[in-house]
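Everything below concerns the one structure shown next.
What follows draws every value from the coordinates through simple rules; no lab data is involved. Quantities reported herein were computed from a predicted structural model and do not represent experimental measurements. Virtual Cβ from ideal backbone geometry, glycine too; neighbours counted across all protein chains shown.
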């Protein structure tokens, strides 16, 4: 056999488009028939491949522990460990190889079983060069496509990690110092990135802008829309009332939301820190609870439809005054999906939070939702407490 390393580039296409060039150079023959090993090796070496060979299944697994190859021609009927058992071990151990089973006693049932447990193709003995080349080409194309997809998934993972960092950086990095108030928020995407967000700005002395939004859907499309909504509100919020800011955002994003078929629920408010007066617009969000100091829980009524539902929707403001000891909790539907028992009794419920700090309340709600398993949806919780003193 030839020992110098040759590389054969296998280019394949899907439709008319070239997908990738993948170098497939190594072949391993596993067969207890010495004549078959010699014959098959001669065929493969003539095609330019680097060929190795072993005589039984146990030796093939030992060889794979210390060497690499691309394709294995694996005899089905061998003394000791047969080909199907070897194939099972290869797949269980995760070796990155294609496998072509060869046998002189082939049957459709055996072929189906081999393909079911991970064979890439099936070659019946005796075979000629044409048979070998046809099976080899199919196996190479399948292996090349698999490796290409693995590479794409790795690249996508890197890009998603970068996108997750960018999205996290869009959230407020620091909690502002608010005399007489305690503020906290947390966002947990169901995937690497998501459509939930929260934001706050001190738009004027003594005035805090507070926003929680939820873009329909999950993943990258929702994240892109989330960034657009946040950018518009940040641009118009400092010089606008809550209703004007939301109305402007709805108009600016109407075409994008229409094209994407998405909508955005939004709670956008401005708080007068001195008086505790909270002016707000609830655009189809609804997940807002005001926990009074005496334990009562009030639900703030929604004031409009989500952005993207109707182009001519007119948004109106609501207002409420937060007294010392009151806690405002704003959250996304990811919390109710994970914790359907939360606030189930509406206005008659009794707040369990007592005098807990805002950060502890938010963390408690997040922990209660994530402890049950993977989140079904993005989850955001924002907590604003007016201190009792």
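Between residue 171 and residue 314, the contour length at 0.36 nm per residue exceeds the alpha carbon distance by 48.7 nm.
Would you mind ranking 27, 78 by Cβ crowding within 10 Å, fewest neighbours first? Before the final figure, lay out the partial values.
Details: 27 25, 78 21.
Ordered from fewest to most neighbouring Cβ atoms within 10 Å, 27, 78 come out as 78, 27.
By the count of neighbouring beta-carbon atoms within 10 Å, fewest first, 268, 66 end up ordered 66, 268.
What is the extension gain from residue 38 to residue 236, computed as 0.36 nm multiplied by their sequence separation minus the C-alpha to C-alpha distance, in nm to one decimal?
Working: separation 198, 0.36 × 198 = 71.28 nm, distance 7.72 nm.
Going from the current span to full extension adds 63.6 nm.
Sorting 337, 316 on the 10 Å Cβ count, fewest up front, what's the list? Show your work: numbers first, answer last.
Working: 337 15, 316 12.
By the 10 Å Cβ count, ascending: 316, 337.
Calculated mean residue ellipticity, 222 nm, the chain: -12000 deg cm²/dmol, from DSSP H runs (n ≥ 4) at -39500 (n - 2.57) each, averaged per residue and rounded to 500. Length available on full extension from residue 258 to residue 207: 0.36 nm per residue minus the Cα-Cα distance, which gives 15.0 nm.
Tell me the relative contact order for segment 171-386 as a rounded percent, counting alpha carbon contacts under 8 Å between residues six or more apart. For segment 171-386, the relative contact order is 26 percent. In whole percent, what relative contact order does the chain give with Cα contacts below 8 Å and a gap of six or more residues? Reported relative contact order: 12 percent.
Calculate the FRET efficiency for residue 355 and residue 274 from the Cβ-Cβ distance with a Förster distance of 25 Å, rounded to the nearest 0.05.
Values: r = 22 Å, r/R0 = 0.88.
Given R0 = 25 Å and the Cβ-Cβ separation, E is 0.70.
Computed from Cα positions, the angle between helix 129-170 and the longest principal axis of the chain comes to roughly 20 degrees.
Across segment 109-222, C-alpha contacts under 8 Å between residues 6 or more apart give a mean separation that, scaled by the residue count, equals a relative contact order of 16 percent. Treating the angle as unsigned and between 0 and 90°, give the value, to the nearest 10°, between the Cα long axis of helix 242-260 and the longest Cα principal axis of the chain. That works out to roughly 20 degrees. Between residue 388 and residue 148, the simple spin-label model (points 7 angstrom out along Cα→Cβ) gives 6.7 nm.
Suppose R0 equals 41 Å; then what is the FRET efficiency for residue 292 and residue 158 from their Cβ-Cβ distance, rounded to the nearest 0.05? Can you show the working numbers first?
Values: r = 48 Å, r/R0 = 1.17.
Efficiency, from the Cβ-Cβ distance: 0.30.
Sorting the segments 143-151, 172-180, 197-205, 225-233 by their mean number of nearby beta carbons within 10 angstrom, highest to lowest, gives 225-233, 197-205, 143-151, 172-180.
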